[in-house]
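The values are calculated or read from the model by the stated rules, or taken from the named source; none is laboratory data. Quick caveat: nothing in here was measured; it's all calculated off a predicted structure. We place every Cβ from the backbone using ideal geometry, glycine too, and count neighbours over all the protein chains shown. Ligands, DNA and RNA are excluded from the accessible area calculation, which covers all protein heavy atoms including side chains. Shrake-Rupley method; radii C 1.70, N 1.55, O 1.52, S 1.80 Å.
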Amino acid sequence: MHVSLTERLQEFVKEKVESGLYHDSSEVIREALRLMEQEDQLHKIKLDQLKEAVRIGDEQLTRGEYSIRTIDNIIADNEAAIRKTL
């Protein structure tokens, strides 16, 4: 496999190798790809959680379990309650 990098990325890889943390440029690239894979997995988990929250919210809406209050109302009420405790 052949990979072309911009000058900036080539310099970045070179700096990583020169730091002593990596043996060679291939090791830097492998680590970068592992991190990218982890980030992709985390993104999928977050997206799945968001989809589940939307599904639950849709079911609650269908059952009539909702409030007409806006998020701004809720925040203002919470802030007022906190001020009362101070």
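What the table below lists for this structure:
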{"item": "Within-12-Å neighbourhood charge of V17 [Cβ basis; K, R +1; D, E -1]", "result": "-4"}
{"item": "Computed [θ] at 222 nm, helices only, for the chain once each DSSP H run of length n ≥ 4 contributes -39500 (n - 2.57)", "result": "-26500 deg cm²/dmol"}
{"item": "Neighbourhood charge, 14 Å Cβ-Cβ cut-off, centred on V54 and excluding it, Lys, Arg +1 and Asp, Glu -1", "result": "-1"}
{"item": "Spin-label model distance (nm) - Q60 vs L21, 7 Å beyond Cα toward Cβ", "result": "4.1 nm"}
{"item": "Local electrostatic count at A32 - Lys and Arg +1, Asp and Glu -1, tallied over other residues with Cβ under 12 Å", "result": "-1"}
{"item": "Solvent-accessible area, 1.4 Å probe, carbon plus sulfur percent, for the chain", "result": "57 percent"}
{"item": "Accessible area per residue in Å² at 1.4 Å probe, computed on segment 1-77", "result": "92 Å²"}
{"item": "Selection from G64, L21, L33 lying farthest towards where the dipole of the chain points positive, charges on Cβ", "result": "G64"}
{"item": "Estimated dipole of the chain in Debye, rounded to 20 [Cβ of Lys and Arg +1, of Asp and Glu -1, Cα centre]", "result": "360 debye"}
{"item": "Residues I45 and R8, FRET efficiency given R0 of 35 Å [Cβ-Cβ distance, rounded to 0.05]", "result": "0.70"}
{"item": "Cα gyration tensor shape of segment 12-86, rounded if a/c is under 1.5, else prolate or oblate by comparing a/b with b/c", "result": "oblate"}
